[in-house]
């Protein structure tokens with residue numbers, strides 16, 4: 001160990017030491033929760049009640065239930081009683097099927113004032129299980145910066161003050177790895193959670209979860225982005241959480257039928273080997289393979305979602321990223337995952353900021369990062385995107401959120417709502433990468449306009465309206481935010497189902513609930529309101545299930561069996577659904593079918609909806625969308641796609657566009673599209689068993705087995 005790390009360790013002050021007996025898993029569970037209050041230093045182990053296990057399954061479900069029990073309807077994100085709950089699920093941690101290393105972070109969001117749940121890869125979630133805990137529940141606020149150490153080797157929990165370690169997610173994981181790993185081989189036995197300095201100064205902080213890359217001998221990062229999880233982490237004065245285990249081998253989940261899991265894993269691995277190169281090319285490009293596909297279909301967000309394509313997008317398409325990504329290295333963020341989609345740029349020399357001149361590894365960029373930091377800001381420079389990606393990660397900032405924030409700021413700058421005086425000298429015109437990076441560095445320093453940008457789109461919009469800087473109607477239309485959360489990076493204008501897939505989410509517009517654009521817009525597989533409602537029932541419930549189990553969604557539909565297109569429901573990838581049912585039963589010893597899979601999710605999904613209602617949200621008005629998500633706001637925007645929009649006015653509404661001004665055409669199209677969205681809400685609410693105000697009915701809660709007294713108490717006055 002270097003003298004530097006010895007010095008860091010010497011400055012530690014042990015605040016709490018707690019010994020426990022490491023409990024082995026049985027069929028995917030330990031049935032224990034680790035509770036830590038960093039304010040009072042209380043550490044205890046809580047048993048999971050049978051009812052919680054039955055109704056909430058694990059992962060996201062456990063997080064929601066524990067947070068509900070710990071908080072009041074009035075609890076604010078920065079109250080000591082707010083919790084950060086992190087857990088995997090019963091399937092999480094198996095190594096015989098790809099994509100089983102996920103965990104979920106649940107907390108009350110600084111941006112939305114409701115629950116945020118963020119899905120993340122890396123080692124921590126499985127390692128927490130192998131240390132004896134299905135979830136960790138963190139409450140309270142420390143007086144000074146602390147690190148939590150979960151020693152799953154010796155059965156010990158430590159909380160200690162850590163005054164000298166770096167705060168960023170580049171240096172800190174390196175320091176902690178050197179501190180806690182016995183040798184090079186032991187580095188892979190650590191899972192670390194950290195954030196960065198921008199989480200101290202903004203509401204959009206995120207968490208980085210490490211995984212060790214033995215080929216590169218480097219620490220890599222996966223992000224729990226969206227909603228300010230890192231901001232809550234830093235508000236509690238947590239610098240990092242470290243979990244250490246003896247190693248990963250064999251059947252640590254102690255499953256009921258290992259052979260059944262291995263058989264399905266072999267089948268999926270064969271598909272990956274044979275079809276990935278001709279399907280999504282995840283092993284060579286990761287999710288960045290989507291860039292030119294989205295551009296070709298007019299779905300790549302450009303200039304704050306004004307447009308869906310750009311001639312310069314060729315400069316950031318997937319072949320460009322393939323040339324930057326190191327090839328031929330197994331890039332899985334969990335052991336045994338063969339999809340290898342966690343691509344990275346090696347040896348990238350930074351041009352700005354505190355680490356200027358250093359050569360670093362940059363995880364990603366993924367599609368959302370390319371679209372958010374690139375096309376949506378009219379920046380088509382791959383090296384700018386890589387650099388911004390790196391600094392977002394090490395500063396603890398969500399790239400999706402930062403991209404949408406920056407695009408909104410740039411459009412405000414275009415319209416004169418913002419100017420150099422109001423931005424403190426930053427020239428935030430479209431495409432100005434250096435100004436964007438300076439704004440990001442300001443966020444990390446807690447300075448200048450970076451502090452304003454770090455509030456997020458919702459609070460910026462309210463501020464600009466209050467100051468009279470711009471027209472309130474325009475600002476409401478172009479601020480791509482719902483429930484206080486920024487939109488992720490797909491253009492939803494021509495897909496009514498995707499508009500619902502964004503704005504009807506429980507946490508805000510994130511694509512992990514439902515991505516229905518191709519089903520709806522391209523293939524026209526769900527033409528009626530009833531069809532769309534069925535899709536907006538099934539897919540959010542199915543995807544919720546991944547969050548309950550500790551699974552990644554990518555192996556579900558980013559690789560498909562060769563004959564999938566011949567099935568009755570190709571969008572569901574039926575063979576893979578059957579894989580998941582088989583694996584769940586093989587892990588837990590249960591005997592569920594594909595319908596019970598959906599019911600498991602329904603119970604948790606409805607619980608989250610009612611959680612929002614308990615907090616004063618969660619009804620129909622909170623499912624409203626900004627008009628930019630539904631149609632053209634400005635004359636320029638309409639005229640850029642005039643042929644498409646004129647055709648719709650003529651064929652659908654029976655109007656003669658040649659006799660109308662562009663303003664009249666925008667108004668007529670808007671009325672039609674807004675009415676359609678309201679009809680969609682009605683249809684989806686009915687299918688989900690909710691009343692016309694978006695509140696789950698008591699009858700529906702009884703039907704799905706979720707008529708718990710505390711839920712009935714919340715919804716009864718709203719029936």
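Please find, within the stretch 251-287, the residue that is nearest to residue 579 (Cα to Cα) out of those that are touching a strand residue (DSSP E or B) at 6+ places or on another chain (Cβ under 8 Å) and crowded, with 19+ Cβ neighbours inside 10 Å.
Restricting to residues being touching a strand residue (DSSP E or B) at 6+ places or on another chain (Cβ under 8 Å) and crowded, with 19+ Cβ neighbours inside 10 Å, the top hit is 286.
Filter the stretch 629-645 down to residues that are in a helix (DSSP H, G or I) and within 31 Å of the chain's Cα centre (by Cα) and give me whichever is nearest to residue 305 (Cα to Cα).
Of the residues in the stretch 629-645, the ones in a helix (DSSP H, G or I) are 629, 635-640, 642-645.
From the residues that got through so far, the ones that are within 31 Å of the chain's Cα centre (by Cα) too are 629, 637.
Numbers: 629: 8, 637: 10 Å.
This residue is 629.
Here's the yes/no breakdown for (1) touching a residue at least 40 places away in the same chain (Cβ under 8 Å); (2) farther than 30 Å from residue 92 by Cα; (3) assigned to a loop (DSSP other than H, G, I, E, B):
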{"site": "305", "(1), (2), (3)": "yes, yes, yes"}
{"site": "314", "(1), (2), (3)": "no, yes, no"}
{"site": "320", "(1), (2), (3)": "yes, yes, no"}
{"site": "330", "(1), (2), (3)": "yes, no, yes"}
{"site": "337", "(1), (2), (3)": "yes, no, yes"}
{"site": "342", "(1), (2), (3)": "yes, no, yes"}
{"site": "347", "(1), (2), (3)": "no, yes, no"}
{"site": "369", "(1), (2), (3)": "no, no, no"}
{"site": "379", "(1), (2), (3)": "yes, yes, yes"}
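Can you tell me which residue is surrounded by the most Cβ atoms within 10 Å (Cβ to Cβ) among those in the stretch 421-433 that are over 29 Å from the mean Cα position of the chain (by Cα) and over 18 Å from residue 465 (Cα atoms)?
The residue in question is 426.
Among what's in the stretch 690-701 and is free of Cβ contacts under 8 Å to residues at least 60 places away in the same chain and part of a loop (DSSP other than H, G, I, E, B), pick the residue that is nearest to residue 532 (Cα to Cα).
691
Only one residue in 86, 108, 36 is under 21 Å from residue 252 (Cα atoms) and at pLDDT 95 or above, so which one is that?
Details: 108 fails: under 21 Å from residue 252 (Cα atoms); 36 fails: under 21 Å from residue 252 (Cα atoms).
Going through 86, 108, 36 in turn, the sole match is 86.
Condition first: surrounded by fewer than 15 Cβ atoms within 10 Å (Cβ to Cβ), touching a residue at least 24 places away in the same chain (Cβ under 8 Å), touching a helix residue (DSSP H, G or I) at 6+ places or on another chain (Cβ under 7 Å) and not assigned by TED's automatic domain parsing to the domain that holds residue 310. Can you find one or more residues in the stretch 680-688 that meet it?
no
If you check 609, 543, 603, 599, which single one turns out to be assigned to a helix (DSSP H, G or I) and in contact with a strand residue (DSSP E or B) (Cβ under 9 Å, 6 or more places away or on another chain)? Let's see the steps before the verdict.
Values: 543 fails: in contact with a strand residue (DSSP E or B) (Cβ under 9 Å, 6 or more places away or on another chain); 603 fails: in contact with a strand residue (DSSP E or B) (Cβ under 9 Å, 6 or more places away or on another chain); 599 fails: in contact with a strand residue (DSSP E or B) (Cβ under 9 Å, 6 or more places away or on another chain).
Checking each option against the conditions leaves just 609.
Those residues that are assigned to a helix (DSSP H, G or I) and more than 17 Å from the chain's Cα centre (by Cα), I need them from the stretch 381-393; list them, please.
Pass one, the stretch 381-393, residues assigned to a helix (DSSP H, G or I): 382-393.
The answer is 382, 383, 384, 385, 386, 387, 388, 390, 391.
Exactly one condition in (1) in a helix (DSSP H, G or I); (2) closer than 17 Å to residue 208 by Cβ; (3) out of contact with any strand residue (DSSP E or B) (no Cβ under 7 Å at 6 or more places or on another chain) is false for residue 365; which is it?
(1)
Being part of a helix (DSSP H, G or I), modelled with pLDDT of 95 or more, in the same structural domain as residue 507 (by TED's automatic domain parsing) and closer than 24 Å to residue 538 by Cα is the requirement here; does residue 672 meet it? So that I can check it myself, show each step before the final result.
Values: part of a helix (DSSP H, G or I): yes; modelled with pLDDT of 95 or more: yes; in the same structural domain as residue 507 (by TED's automatic domain parsing): yes; closer than 24 Å to residue 538 by Cα: no.
For residue 672, the condition - part of a helix (DSSP H, G or I), modelled with pLDDT of 95 or more, in the same structural domain as residue 507 (by TED's automatic domain parsing) and closer than 24 Å to residue 538 by Cα - is not met.
Does residue 402 satisfy the condition of being outside the structural domain of residue 626 (by TED's automatic domain parsing), buried (at least 24 other Cβ atoms within 10 Å of the Cβ) and either in a loop (DSSP other than H, G, I, E, B) or touching a helix residue (DSSP H, G or I) at 6+ places or on another chain (Cβ under 8 Å) (or both)?
The answer is yes for residue 402.
Starting from the stretch 19-47, keep only residues that are at positive phi, then list their pairs with residues that are modelled with pLDDT of 95 or more and assigned to a strand (DSSP E or B) whose Cβ atoms are within a distance under 9 Å, requiring at least 6 positions of separation or different chains.
31/47; 41/15; 41/16; 41/159
What number of residues in the stretch 558-569 are over 13 Å from residue 276 (Cβ atoms) and buried (at least 17 other Cβ atoms within 10 Å of the Cβ)?
So the first thing to find is which residues in the stretch 558-569 are over 13 Å from residue 276 (Cβ atoms), and the list is 563-569.
From what's left, buried (at least 17 other Cβ atoms within 10 Å of the Cβ): 564.
Of the residues in that region, 1 qualify.
Can you name every residue in the stretch 178-194 that is surrounded by 19 or more Cβ atoms within 10 Å (Cβ to Cβ), touching a helix residue (DSSP H, G or I) at 6+ places or on another chain (Cβ under 6 Å) and either part of a helix (DSSP H, G or I) or free of Cβ contacts under 8 Å to residues at least 60 places away in the same chain (or both)?
Passing the criteria: 179, 187.
So, restricting to strands (runs of 3 or more DSSP E) that lie completely within the stretch 1-95, which ones have at least 2 residues that are more than 30 Å from the chain's Cα centre (by Cα)? It would help to see each step written out before you state the result.
Values: elements: 13-19, 32-37, 42-47, 84-87.
In the stretch 1-95, 13-19 are the strands (runs of 3 or more DSSP E) which contain 2 or more residues that are more than 30 Å from the chain's Cα centre (by Cα).
Would you check if residue 174 is farther than 30 Å from residue 611 by Cβ, in the same structural domain as residue 65 (by TED's automatic domain parsing) and assigned to a loop (DSSP other than H, G, I, E, B)?
Numbers: farther than 30 Å from residue 611 by Cβ: yes; in the same structural domain as residue 65 (by TED's automatic domain parsing): yes; assigned to a loop (DSSP other than H, G, I, E, B): no.
No: the conditions fail for residue 174.
Restricting to the stretch 574-586, name every residue that is farther than 18 Å from residue 555 by Cα and either in contact with a strand residue (DSSP E or B) (Cβ under 6 Å, 6 or more places away or on another chain) or crowded, with 19+ Cβ neighbours inside 10 Å (or both). Write out each step before concluding.
The first filter runs over the stretch 574-586 and keeps only residues farther than 18 Å from residue 555 by Cα, leaving 585-586.
Selection gives 586 alone.
Is it true that residue 116 is buried (at least 24 other Cβ atoms within 10 Å of the Cβ), in contact with a helix residue (DSSP H, G or I) (Cβ under 6 Å, 6 or more places away or on another chain) and not in a helix (DSSP H, G or I)?
Details: buried (at least 24 other Cβ atoms within 10 Å of the Cβ): yes; in contact with a helix residue (DSSP H, G or I) (Cβ under 6 Å, 6 or more places away or on another chain): no; not in a helix (DSSP H, G or I): yes.
It is false that residue 116 is buried (at least 24 other Cβ atoms within 10 Å of the Cβ), in contact with a helix residue (DSSP H, G or I) (Cβ under 6 Å, 6 or more places away or on another chain) and not in a helix (DSSP H, G or I).
Is it the case that some residue within the stretch 646-662 is in the same structural domain as residue 504 (by TED's automatic domain parsing), touching a residue at least 24 places away in the same chain (Cβ under 8 Å), closer than 30 Å to residue 484 by Cα and in a helix (DSSP H, G or I)?
no
The values are calculated or read from the model by the stated rules, or taken from the named source; none is laboratory data. The model shown is predicted, which means the values in this text are computed figures rather than measured ones. All Cβ positions, even for glycine, are placed from backbone atoms using ideal geometry, and neighbour counts span all protein chains on display.
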